[in-house]
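The values are calculated or read from the model by the stated rules, or taken from the named source; none is laboratory data. Nothing here was measured: the structure is a model prediction, and the numbers come from that model. Cβ: placed from backbone, ideal geometry, glycine included. Neighbour counts: every protein chain shown. Ligands, DNA and RNA are stripped out before the accessible areas are found, and what is left, the full protein with its side chains, is counted by its heavy atoms. Shrake-Rupley method; radii C 1.70, N 1.55, O 1.52, S 1.80 Å.
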Amino acid sequence: MGRFDLYKVDLKSMQQNVQEIEYLLDNRFFADIGGEDIQKGKINTRLTVSKKGGAFDLSFVFAGTVIVPCDRCLDDMDLPIETTAHLIVKFGKDYAEESDEIVVIPEAEGIINLAWFLYEFIVFAIPIKHVHAPGKCNKQMTSKLKKHSAKSEDDESFESDGADDVIITDDGSDDEERTDPRWDALRGLKEE
C-alpha cells in the first residue's frame, strides 16, 4: 500500500449518491507530502462526495492546528485552521485541471487521489503573516531583531540631515526657504 492510497476516492464505483469520508491529517501526512509550508500539524477533515449527473461535488471541512514558523522570531507556533473547500470532479479522457475548482480525471480509472488537494486547501487557509501573540515571541530573537532593525522617526536617536524637511502647504508654498531641487523642477512643469 502506497503512502497516499488512503486518500484515493473511487468515484466510478460509488454506490450511493452521497458519501462521507473522514481523514486525520497528522505529522506523518505532512512529512510524507513534503511541502515547504507545513511540516507538522493535526487537522480533522470531513469530505462529503455528492454525485450530481456526470460530475461529483466534493465538499471539504477542515478543523485543527498546523505548526508553522513565526515570521518574527522563527520559532514554531501553533496556528488554528478552520476552513472549507470545494472541488468538482468530472470524467474525461485524460487528467486535466480546468480551473481551481474543476478537475477532470480519466473515466477508465475513475479514481482521484486527494492527498495534494488536501494539503493545498490547508496551505491556502494559512494567513500571509503569521506571528505569535504579543509577548509570546522568542525573547532573544526579538532583542536581536530590535538591535539590527532600522531606526524609526519616533526613535530618540533619529537625526535628520535636513534634505527632505520641506513642508508643502495646501496652497503649494513651502514653510521654509530651502527647497528640494527635484520639487523645483516639478513645480516648473506645473507652472508651464
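Miscellaneous remarks
- Residue within the stretch 22-35 that is acidic (Asp, Glu) and either buried (at least 18 other Cβ atoms within 10 Å of the Cβ) or farther than 18 Å from residue 3 by Cα (or both) present: no
- For the stretch 63-79, filtered to residues that are more than 15 Å from the chain's Cα centre (by Cα) and at pLDDT 95 or above, the residue that is most open to solvent (accessible area, probe 1.4 Å) is 63.
- With a requirement of 1 or more residues that are in contact with a strand residue (DSSP E or B) (Cβ under 8 Å, 6 or more places away or on another chain) and acidic (Asp, Glu), the strands (runs of 3 or more DSSP E) lying completely within the stretch 1-116 that satisfy it span 8-10, 18-25, 55-69, 76-92.
- For residue 43, the conditions (1) among the aliphatic types (A, V, I, L, M); (2) modelled with pLDDT under 95; (3) crowded, with 20+ Cβ neighbours inside 10 Å are fulfilled apart from (2).
- Any hit, the stretch 1-11, residues being within 19 Å of residue 104 (Cα to Cα) and open to solvent by 60 Å² or more (accessible area, probe 1.4 Å): yes
- Looking only at the stretch 113-148, and only at residues there that are among the small types (Gly, Ala, Ser) and more than 23 Å from the chain's Cα centre (by Cα), the one that is surrounded by the most Cβ atoms within 10 Å (Cβ to Cβ): 143
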